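The structure under discussion appears below in the form of C-alpha cells.
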Amino acid sequence: MQPTLEQLSVTYKNLPDDKLTRLAVTEAASLRPEALELLKAEIKSRGLDEGITRGIDVQLNNIDDTQLHNYLSLIRNQACPICSNRSQQLNAALSGTVISIIIFTHYKKAFSIGCPACLKKANQTATLKTALLGWWGLPWGLVRTPQALIKNIRTSKSLNTNEPSHILIDFVKNNVGIIESIKNNDQSLQVMLTNVNNK
Ligand SMILES: [Zn+2]
C-alpha cells in the first residue's frame, strides 16, 4: 500500500540532510508528483542548497543533446581525480581483471573516471594481473581470461581517441540529478569523481 501524504511528510522530516539530499538527486523520477512537492518543501524549509531542487527537476525530463553536451564538458574539464592533472579532458573506462585461485575465478569489472594517461595505466595493471593470474582456474579461468583481455584491448584503443566513451555518456545520463545539484562546486564534483573510482 502506498504511504499517505501525511506519512510521507513525517518520513521526509525524519530523514537526515544527507539521506534527504540523496533521495532528491537520485530518485526523484520514481516519486509521485505529490511526494515530490513534499520533498521540495522539506528541502526548502531546511534551507538546503538550491542546487538540490534543480537536481530534482532535471531528472523529471529527458535531457536534450545540448544539456548532455554541457554536463559532459563539465565533467571532462575537471581535474583528474587520480593524478589531479588538468592537461587532458577526462574520460571513463571499464577494465576487467580476472584472478583465479585454485578452482575459484573472480572477474571484476572496474569503472574509472580519469585522464587518459591514468585510465591507460589502470587498464594496463588490470591486463597484467589478468595475464598472470587469470588462467589458473578451471574452467572459468580459461573462459574469462580471454574475455577480459579482449575487453581491455578495446578499452585501451578507445582511450586513444578524444571522444567521450559510451560509459562516460551513460554515467552522465544516469547521474544528471547529482551533477546538476553540484555543478557550481568543483570540490563536490571532485568528491563525486573520487567516490566513483573507489567504489
Ligand atoms: Zn590522471
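The values are calculated or read from the model by the stated rules, or taken from the named source; none is laboratory data. Given the structure is predicted, the values throughout are model-derived calculations rather than measurements. Methodologically, a virtual Cβ is constructed for each residue, glycine included, from the backbone with ideal geometry; neighbour enumeration extends over all protein chains shown.
Overview of values
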| item | result |
| --- | --- |
| All positions within region 65-89 that are charged (D, E, K, R) and within 17 Å of Leu189 (Cβ to Cβ) | Arg76, Arg86 |
| Arg54 of a type in the set (Lys, Arg) and either buried (at least 21 other Cβ atoms within 10 Å of the Cβ) or within 16 Å of the ligand (Cβ to nearest atom) (or both) | no |
| Residue in region 160-181 that is over 14 Å from the mean Cα position of the chain (by Cα), modelled with pLDDT of 95 or more and in a helix (DSSP H, G or I) present | yes |
| Subset of region 39-79 (residues that are part of a helix (DSSP H, G or I) and small (Gly, Ala, Ser)) | Ala41, Ser45, Gly51, Gly55, Ser73 |
| Subset of region 80-122 that is of a type in the set (A, V, I, L, M), part of a strand (DSSP E or B) and free of Cβ contacts under 8 Å to residues at least 60 places away in the same chain - its residue that is surrounded by the most Cβ atoms within 10 Å (Cβ to Cβ) | Val98 |
| Test set (1) more than 18 Å from Ile153 (Cα to Cα); (2) of a type outside the set (Lys, Arg); (3) away from the ligand (no atom under 16 Å from the Cβ) - Thr130 fails condition number | (1) |
| Condition broken by Asn77, with the remaining ones in (1) within 16 Å of the ligand (Cβ to nearest atom); (2) surrounded by 17 or more Cβ atoms within 10 Å (Cβ to Cβ) satisfied | (2) |
| So Lys129, is it in contact (Cβ under 8 Å) with a residue 24 or more places away in the chain and touching a Leu at 6+ places or on another chain (Cβ under 8 Å) | no |
| Residue check, Glu6 more than 30 Å from Lys157 (Cβ to Cβ), free of Cβ contacts under 8 Å to residues at least 24 places away in the same chain and part of a helix (DSSP H, G or I) | yes |
| Flag for His69 being without any contact (Cβ under 8 Å) to a residue 12 or more places away in the chain, touching a strand residue (DSSP E or B) at 6+ places or on another chain (Cβ under 8 Å) and not assigned by TED's automatic domain parsing to the domain that holds Val25 | no |
